[in-house]
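The values are calculated or read from the model by the stated rules, or taken from the named source; none is laboratory data. On a predicted model such as this, the values are computed, not experimentally measured, just so you know. Here Cβ is always computed from backbone atoms with ideal geometry, including for glycine, and neighbour counts include all displayed protein chains.
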Amino acid sequence: MGLLPWRAIALATIATLVLVCGSTLMPSPAWAGLHDDNFDGNIFALYAGNGSLIPPKVNLKESLKQTKRPTLLTLYIEDSEDCKIFSATISQLQAFYGRHTNIVPVSVDAIVPKSEYEPNEPGYYYRGVVPQTVLFDTAGNVAFDESGVVEFEKIDDRFREVFDLLPRSESVELKRRPINEVNAEIQR
C-alpha cells in the first residue's frame with residue numbers, strides 16, 4: 001500500500017511533464033494581422049490577394065528603358081501596417097493598368113545603402129517613408145511621387161494624365177472589386 005501513493009504521484013508528474021513539453025513543442029498557428037507592424041510574409045499575397053507582384057517582372061532600370069510603358073515604383077516594407085493596407089491599392093492599380101504599365105514593387109530593405117544613387121535605382125527616389133509611390137511617364141519623368149497610404153483615386157488621376165485618358169469627371173467610374181475578405185474590409 002505504501003507504493004501506491006508514490007506511483008500515483010510519479011505517474012501524475014510524468015503525465016504533467018508530457019503535457020507541458022508536448023504543448024510547447026507543438027507548432028503554433030500562424031496569425032497574420034493587418035493592423036500591426038509584424039512581419040507576416042509577402043504583403044501582396046496576404047493582404048492584396050496578388051502574389052504575382054513579387055518578384056516584379058522587370059527592375060526599375062529595365063523598366064525606365066522601355067519608353068512605351070509608364071512605370072509605377074512602390075517602395076514598401078513587409079512589417080508596416082500602412083504598407084499592408086496600401087498593398088491592396090497597388091493590386092487594384094495593377095488590375096486596371098497592369099497590361100500597359102510596369103509595376104515595380106521594391107522592399108526598402110533590399111536597397112543597398114550607399115552615398116549616391118543613379119536615377120535608375122530605387123534608392124534615388126526613396127525619402128525614408130513607406131509606402132512611397134512614384135509614377136514615371138513613358139519618357140521616364142516623375143509624374144507622381146507621394147508617401148503614405150495614398151488613395152486609389154489620386155493615383156488613378158495621374159495615370160489618366162499619363163495615358164491621356166478622360167478625367168474622372170468625364171469618364172466611366174472605375175469599379176474596384178474585392179479580391180478577398182481583407183480587401184473588402186479595407187475598401188469600406
**Prompt:** Within the set of pairs 6 or more residues apart or between chains, which connect a residue that is over 13 Å from VAL106 (Cα atoms) inside the range 43-68 to a residue that is in a loop (DSSP other than H, G, I, E, B) and of a type in the set (Phe, Trp, Tyr) with Cβ atoms less than 8 Å apart?
**Reply:** none
**Item:** Residues within the range 124-151 that are surrounded by 13 or more Cβ atoms within 10 Å (Cβ to Cβ), among the polar types (S, T, N, Q) and assigned to a loop (DSSP other than H, G, I, E, B), tallied
**Value:** 1
**Request:** Just name the residue that is modelled with the highest pLDDT out of those in the range 152-169 that are in a loop (DSSP other than H, G, I, E, B) and among the hydrophobic types (A, V, I, L, M, F, W, C).
**Result:** PHE163
**Complete:** Reported set for the range 146-164 where residues are in contact (Cβ under 8 Å) with a residue 40 or more places away in the chain and at positive phi is GLY148
**Request:** Run down TYR124, TYR97 and say which single residue is touching a residue at least 24 places away in the same chain (Cβ under 8 Å) and of a type outside the set (Lys, Arg).
**Result:** TYR97
**Prompt:** Are any of the residues in the range 106-120 surrounded by 13 or more Cβ atoms within 10 Å (Cβ to Cβ), within 20 Å of the chain's Cα centre (by Cα), closer than 19 Å to ARG69 by Cβ and not aliphatic (A, V, I, L, M)?
**Reply:** no
**Request:** State whether one or more residues within the range 15-33 are in contact (Cβ under 8 Å) with a residue 60 or more places away in the chain and either farther than 24 Å from TYR125 by Cβ or buried (at least 19 other Cβ atoms within 10 Å of the Cβ) (or both).
**Result:** no
**Item:** Options VAL172, VAL182: the member that is assigned to a loop (DSSP other than H, G, I, E, B) and either touching a strand residue (DSSP E or B) at 6+ places or on another chain (Cβ under 6 Å) or modelled with pLDDT under 95 (or both)
**Value:** VAL172
**Message:** Just the residues that are free of Cβ contacts under 8 Å to residues at least 60 places away in the same chain and over 16 Å from the mean Cα position of the chain (by Cα), please, taken from the range 127-145.
**Reply:** ARG127, GLY128, ASN141, VAL142, PHE144, ASP145
